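Novice: Got a structure for you, questions after.
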Amino acid sequence: MKTRKWADIKAGLKPETRDEMEAGGRGLAEELHLVQLRKAKGLTQEAMAELLGVSQAEVSKTERRAELYVGTLRKFIEAMDGELVLSARFKDGVEVPIKLNGNDRAA
């Protein structure tokens, strides 16, 4: 199955649909399950599967998992045209971005 970028799919939407989806995205709660995030972005499991180049069943399995690899989560978020930012927050209020594998970007 050929994958498509979210930006390309979004570009093909009616302006009012795109505006509605973007407004919904700005109003997202601080913490959401992957399924809630996907729905808030106006995507079906089938659309996510197409973006990720996997089956709809694999998207369903990913959304139901209690634990994910960081790389899997990053791909899921990036497919929705987002960026995964990973950080450690300590009781003293200090928050430190986490970089993995020597990459320049967090997560």
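The values are calculated or read from the model by the stated rules, or taken from the named source; none is laboratory data. Fair warning: this is a prediction, and the values are worked out from it, not measured in the lab. Counting neighbours? That spans all protein chains shown, and the Cβs are built from the backbone with ideal geometry, glycine included.
Novice: Determine which single condition residue 101 fails, assuming it passes every other condition in (1) modelled with pLDDT of 85 or more; (2) in a loop (DSSP other than H, G, I, E, B).
Specialist: (1)
Novice: If a residue has to be modelled with pLDDT under 85, of a type outside the set (Val, Ile, Thr) and surrounded by 12 or more Cβ atoms within 10 Å (Cβ to Cβ) to count, how many in region 1-51 make the cut?
Specialist: Selection size over region 1-51: 13.
Novice: On the basis of being part of a loop (DSSP other than H, G, I, E, B) and exposed (fewer than 14 other Cβ atoms within 10 Å of the Cβ), does residue 83 make the cut?
Specialist: When the stated conditions are applied, residue 83 passes them.
Novice: Condition first: surrounded by fewer than 11 Cβ atoms within 10 Å (Cβ to Cβ), among the aliphatic types (A, V, I, L, M) and touching a helix residue (DSSP H, G or I) at 6+ places or on another chain (Cβ under 9 Å). Now tell me which residues in region 52-80 satisfy that.
Specialist: Result: 57, single match.
Novice: For the structure I just gave you, tell me whether residue 61 is at negative phi, among the charged types (D, E, K, R) and modelled with pLDDT under 90.
Specialist: no
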